[in-house]
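Structure first, commentary second.
The values are calculated or read from the model by the stated rules, or taken from the named source; none is laboratory data. Just so it is clear, the model here is predicted, and its values are computed rather than measured. Cβ: placed from backbone, ideal geometry, glycine included. Neighbour counts: every protein chain shown. Just the protein is used for accessible areas: all its heavy atoms, side chains included, with ligands, DNA and RNA removed. Shrake-Rupley method; radii C 1.70, N 1.55, O 1.52, S 1.80 Å.
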Amino acid sequence: MKLPSIATEHLAQLQDFERTILRNHAKIEAWFRAQWQAHKPPFYGSVDLRNAGYKISSIDMNLFPGGFNNLNPNFIPLAAVAAQDAVERACESAKSVLIIPENHTRNTFYLQNVYALSEILRSAGFEVRLGSLNPEVTEPTEFQTALGNTVLLEPLLRTRERVHLADGFSPCVVLLNNDLSAGVPDILKDINQTLLPPLNAGWTTRRKTTHFAAYDKVAADFAQLLDIDEWQINPYFEKVSGLDFQEHEGEDVLAAAVERVLVKIQAKYDEKGISDTPFVIVKADAGTYGMGVMSVKSADEVRGLNRKNRNKMAKVKEGLEVTEVIVQEGIYTYETMNGAVCEPVVYMMDRFVIGGFFRVHEGRGADENLNAGGMVFVPLSNSIPTGNGDDTPEAPEACKRVFEQWDLLGMPREGKDCDIDNEHNRLYVYSVMARLSLLAASLELEESAA
């Protein structure tokens, strides 16, 4: 797969950063190993990255990823090894997994994701069944996915402190692929099975500003490790509460926060000699699917929003009203694919990267949210780099060796300079950036559970 192009004026800066990462790859991997010994990673997650050349960072961390269908099938053997490791770390004797998906029975692409996730776990040797929270699913029902596969959804039941299916299927591991935007259902409270991710990972309690507060700590430690400017890998942000977009309440407070973040960005641009116009992303502090998001270059833009923009910002998934937002430094995406802007999305299970894709959008600009209607997905890589020039490993033992040696998405190639067209090196940099956000999620969940 040919990597995306990047604007010529930012090429040298990106190459310098990549060289720093590659020169220090042994130190980086040792640092990550120490972190995972101290902190338990989430069961899985996906990270949206933005790459401006002079700056590359995570801008969002999803703990209930819904795009497994967009991963390259060549990565399934490695994903299965990661899944096997993650499930066994949660429950050593596990032989089966009960997945609880979202209620999107009409969204065939989401159902394709559920099918793909199920197949990864089945490839890992687990029996997999689906327990639905959807009140419309009153009996075992087959649904067709976008690609013509079928998934069987069965009503989720509970007896005392265990959830199960009608025939008694009740494994020790229950895997949520439902982000709990609508709240924590009573059926899941205080069960004695291992629930992954935990309930405090759901949007009922989780906030993006909490994640990026944890990310601040991770980025600072990593920047010190490599002796780089933390700003290169960490966006500024502020939290704003007490908003009511429909009633224009809190507009002045929001505008002031936007202005403060824009001023900080401009000061950094001046320091670095960057000629770009600063912008911020204002987005709901809880929620996903790219809802409740707008790109802003002036504080005046959030005052007196028109009805269309108020409606867009007022509610997110499940119709929840937005009263809190994160004002986050916008990072330009200067990566393009066939002339369209794109951004990498990296998927992880436990502490391992298992693949990803480029989110590509022909109708959006370099300073806009790409998670919107009209986006398409291009899977990362047609082969899995093993670090020795071999083709994709087929045997589980070969997969295991890759896990034991290096991160899955790309081991830096020894003896080669950092080449912007060297797929393995760029993918390795993506994997490092994504794992920083995964580590931040670990700290975030530890703090919220305390």
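Cα extents for the chain along the principal axes, largest to smallest and rounded to whole angstrom: 65, 61, 42. Rounded to the nearest 20, the Cβ-based charge dipole of the chain about its Cα centre (Lys and Arg +1, Asp and Glu -1) stands at 300 debye.
Keeping the other protein chains in place, figure out the carbon and sulfur percent of the accessible area of segment 139-274, with a 1.4 Å probe. Write down the numbers at each step before the final one.
On the way: 2930 of 6200 Å².
That fraction is 47 percent.
For segment 99-171, take the convex hull of the Cα atoms, compute a quarter of its surface area, and give me that in nm², please. Mind showing how you got there, number by number?
Values: hull surface 19.4 nm².
It is 4.9 nm².
Counted as membrane-span-like here are DSSP H helices of the chain whose alpha-carbon atoms extend 15 Å or more along the helix's own axis and whose Kyte-Doolittle mean is -0.5 or above; these are 76-90, 108-123, 208-226, 251-272, 423-449. For segment 332-374, a simple Cβ point-charge model (Lys and Arg +1, Asp and Glu -1, everything else neutral) yields a dipole of about 120 debye relative to the Cα centre.
Within a straight-line Cα-Cα reach of under 15 Å, residue 308 can be paired with the following aspartates and glutamates, leaving aside sequence neighbours fewer than 8 residues apart in one chain: 244, 247.
The amide H of residue 164, built 1.01 Å from its N in the peptide plane, has 157, 158, 159 as neighbours under 5 Å, considering only residues 5 or more places off or on other chains.
Rg of the Cα atoms in segment 240-342, relative to 2.2 N^0.38 Å, amounts to 1.14. Loop exposure criterion: trypsin sites (Lys or Arg not before Pro), DSSP state outside H, G, I, E and B, at most 15 other Cβ atoms within 10 Å. Applied to the chain, the longest stretch between such sites is 304-415. Computed over segment 1-133, the range of Cα coordinates on each principal axis works out to 50, 38, 25 Å, biggest value leading.
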